[in-house]
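The values are calculated or read from the model by the stated rules, or taken from the named source; none is laboratory data. Here the structure is a predicted model, which is why all the values come from computation and not from measurement. Quick reminder, even Gly has a Cβ in these numbers, built from the backbone with ideal geometry, and neighbours come from all protein chains shown. Only protein heavy atoms, including side chains, enter the accessible area calculation; ligands, DNA and RNA are left aside. Shrake-Rupley method; radii C 1.70, N 1.55, O 1.52, S 1.80 Å.
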Amino acid sequence: MVDAAFERRAARASALAASAEAAREVLSFAAGLLRAQGRVARGLAEAHRRHPLTGRLAADAPRVVEACEAVLRFAAGTGLPGLAPAAQVTARDLVAYWKSDADGYVARTVLRSYVEVLLAAGVVPEARARPAGCPRCGGPPWVGARRPGPEGDGAARLLCCALCGGEWSIARVRCAACPETDPERLPSFSSETQRGARIEACDTCRRYVKSIDLSLEAEAIPEIDDLASPALDLWAKGQGYGRLEPGLAGEL
């Protein structure tokens, strides 16, 4: 069940919140948002069985807006200025986001459940007008991961999609945002106090992605564990780097 995947992420956020004092508020927010997205996913999956979704957002958007009440109610109740507009999201807003590569945290948050339900049902979403990287849905990468490879082969480097939750491989020495492959222009930064997380930056495009080492903890989920190290994001921004895509809780 798609909603079970959202609950697993929410449980991870709640578990981290219990021990991550500096990030407790943002992790608790993420847990609530994920559970709301899970309720939306469950409703959309049930509706799809009765009247299949098409995968074409222009046709499906009114049904998505109707189904996403849980996310809209959660957003409106947070009191966060960045989420307040979510209470008024329209089908037109969702379609506009799909056709653009502009920032769209609110639309992305609403569409997450829809895209995951489509893929779980074997429905391929229509191609985005400006695909941002994900081979499954064209969504943008919002966090990276390092997963142990075969013995002696080193860790695989992955990017994780903000829209469908999927992941894909990327070369170990390459910017996640531009074609840069010169190691001298691709610095990485970590902190002894932020175990397993590191900033992977680019001095050519001045963008960065945060990467999570999955070899350190079997329960780690990149999009959730990302939120436990906000100090790294603040440091990167202080150095003049911009995050490739806001994380689950938006701009920190």
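To the nearest 10 degrees, how steep is helix 69-78 against the longest Cα principal axis of the chain, on a 0 to 90 scale?
Roughly 60 degrees between the two axes.
Going by amide H atoms built from the backbone, whose H comes under 5 Å of the H on Ala132, apart from near neighbours?
Correct list: Gly139.
Which one of Leu234, Leu44, Leu186 has the biggest mean-square fluctuation once the chain is modelled by GNM with Cα springs under 10 Å?
Maximum fluctuation in the GNM of the chain, among the listed residues, is at Leu234.
Which order do you get for Lys210, Lys99, Lys237 if you rank them by accessible area with a 1.4 Å probe, largest at the top?
Numbers: Lys210 0, Lys99 130, Lys237 70 Å².
From most exposed to least exposed: Lys99, Lys237, Lys210.
Can you tally the net charge around His51? Count Lys and Arg as +1, Asp and Glu as -1, for every other residue whose Cβ sits under 13 Å from the Cβ of His51. Kindly include the intermediate steps, with their values, before the conclusion.
Numbers: positive: Arg49, Arg50, Arg63; negative: Glu46, Asp60, Glu66.
Once positives and negatives cancel, what remains is 0.
Connecting C-alpha atoms closer than 10 Å in a GNM of the chain, tell me which of Arg128, Arg174, Arg49 has the biggest fluctuation.
Between Arg128, Arg174, Arg49, it is Arg49 that shows the largest mean-square fluctuation.
With the dipole of the chain worked out from charges on the C-beta (+1 for Lys and Arg, -1 for Asp and Glu) around the Cα centre, which of Gln239, Ala59, Gly122 lies farthest toward the positive end?
Farthest along the dipole direction, towards plus: Ala59.
Ignoring ligands, DNA and RNA, what percent of the accessible area of the chain is carbon or sulfur (1.4 Å)?
Numbers: 6100 of 11860 Å².
So the carbon and sulfur contribution to the accessible surface is 51 percent.
Place a label point 7 angstrom from the Cα of Arg195 along the Cα-to-Cβ direction, then list the residues of the stretch 16-39 whose backbone nitrogen is under 18 Å away.
Under cut-off, by backbone N: 16-24.
Find out how many positive minus negative residues lie around Phe189, taking Lys and Arg as positive, Asp and Glu as negative, among other residues whose Cβ is under 13 Å from that of Phe189. Could you put the intermediate results ahead of the total?
Numbers: positive: Arg198, Lys210, Lys237; negative: Glu192, Glu200, Asp203, Asp233.
Spelling it out: positives minus negatives among the neighbours equals -1.
Give the Kirkwood hydrodynamic radius (Å, one decimal) of the chain, defined as one over the mean of 1/r across all pairs of different Cα atoms. Working shown, then result.
Working: mean 1/r = 0.0538 Å⁻¹.
Its Kirkwood hydrodynamic radius stands at 18.6 Å.
Tally Lys and Arg at +1 and Asp and Glu at -1 over the other residues with C-beta under 15 Å from the C-beta of Cys202: what net charge comes out? Walk me through the numbers on the way to the answer.
Details: positive: Arg157, Arg172, Arg174, Arg185, Arg198, Arg206, Arg207, Lys210, Lys237, Arg243; negative: Glu180, Asp182, Glu184, Glu200, Asp203, Glu245.
That works out to +4.
Counting only DSSP beta bridges with both residues in the chain, tell me the antiparallel percent, nearest 5. Mind showing how you got there, number by number?
On the way: 19 of 24 bridges.
Taking every DSSP beta bridge with both residues in the chain, the antiparallel ones total about 80 percent.
Under a GNM of the chain (C-alpha, springs under 10 Å), which listed residue has the highest mean-square fluctuation: Val209, Val95, Val71?
Highest fluctuation of the listed residues: Val95.
Give me the number: length gained by fully extending Gln88 to Arg56, i.e. 0.36 nm times residue separation minus the C-alpha to C-alpha distance, one decimal in nm. Don't skip to the end; give the middle numbers.
On the way: separation 32, 0.36 × 32 = 11.52 nm, distance 2.17 nm.
In short, 9.4 nm is gained.
At a threshold of 8 angstrom on Cα-Cα distance, excluding pairs fewer than six apart, so keeping six or more, what relative contact order does the chain reach in percent? All intermediate terms of the calculation are to be shown ahead of the outcome.
Numbers: 442 pairs, mean separation 41.2, N = 252.
For the chain, the relative contact order is 16 percent.
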